[in-house]
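The values are calculated or read from the model by the stated rules, or taken from the named source; none is laboratory data. Predicted model only: the values in this text are computed from it and were never measured. FYI the Cβ positions are ideal-geometry reconstructions off the backbone, even for glycines, and counts take in every protein chain you see.
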Amino acid sequence: MIKEIFQNGAAREEWIIKNFGLRLRYLRKRLRWSGSYASHQFGISCALLYKLENGATKNPSFKTLLRVSDTFGISLDDLVGRDVPNKKPEKEEKLPSYFLNHDFWADSQPKEKKEEV
């Protein structure tokens, strides 16, 4: 079922929005925060919190999402229920030896002038 949801972009977006509200309400209630206390902690209005939890706000601002995730102490991915697989690149890219063996600080340091006696 989840594969089907993620294959359709619009359905995926709707699923994330719905689950974001459920996740937000779950986290708030788990901490035993009232709506007014949580909205105060997040720095948003009670009305906006209600809309977020019920999926009425389709596009919350990035600033709001950051406030909520920072207050809960979780990542944005965890807040919105986004799974990010730990995917290794198919081909490991190697830096040219110039970058590995070169002292970049030597080029940026001022050259000392030797005093002639």
Original post:
In the stretch 59-104, what count of residues is obtained for those that are at pLDDT below 65 and acidic (Asp, Glu)?
Top reply: 4
Subject >> Residue list for the stretch 41-53, filter: surrounded by 13 or more Cβ atoms within 10 Å (Cβ to Cβ) and touching a residue at least 12 places away in the same chain (Cβ under 8 Å) >> reply: 41, 42, 44, 48, 49, 50, 52, 53
**OP:** Report, ordered by the first and then the second residue, all pairs with beta carbons closer than 6 Å, sequence separation of six or more or different chains, a first member in the stretch 63-80 that is touching a residue at least 24 places away in the same chain (Cβ under 8 Å), and a second member that is exposed (fewer than 15 other Cβ atoms within 10 Å of the Cβ) and outside any helix (DSSP H, G or I).
**Re:** 67/43
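What's the total number of residues in the stretch 30-40 that are surrounded by 13 or more Cβ atoms within 10 Å (Cβ to Cβ) and not in a loop (DSSP other than H, G, I, E, B)? I'd like the intermediate steps shown before the answer.
If we filter the stretch 30-40 for residues that are surrounded by 13 or more Cβ atoms within 10 Å (Cβ to Cβ), which is where we start, we get 33, 35, 37-40.
Next, from what is left, pick out any that are not in a loop (DSSP other than H, G, I, E, B): 35, 37-40.
The total comes to 5.
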**OP:** Could you give me the residue pairs with C-beta distances under 8 Å whose first residue belongs to the stretch 22-40 and is farther than 20 Å from residue 78 by Cα, whose second residue is of a type in the set (Ser, Thr, Tyr) and in a helix (DSSP H, G or I) wherever it lies, and which are 6+ apart or on separate chains?
**Re:** 35/50
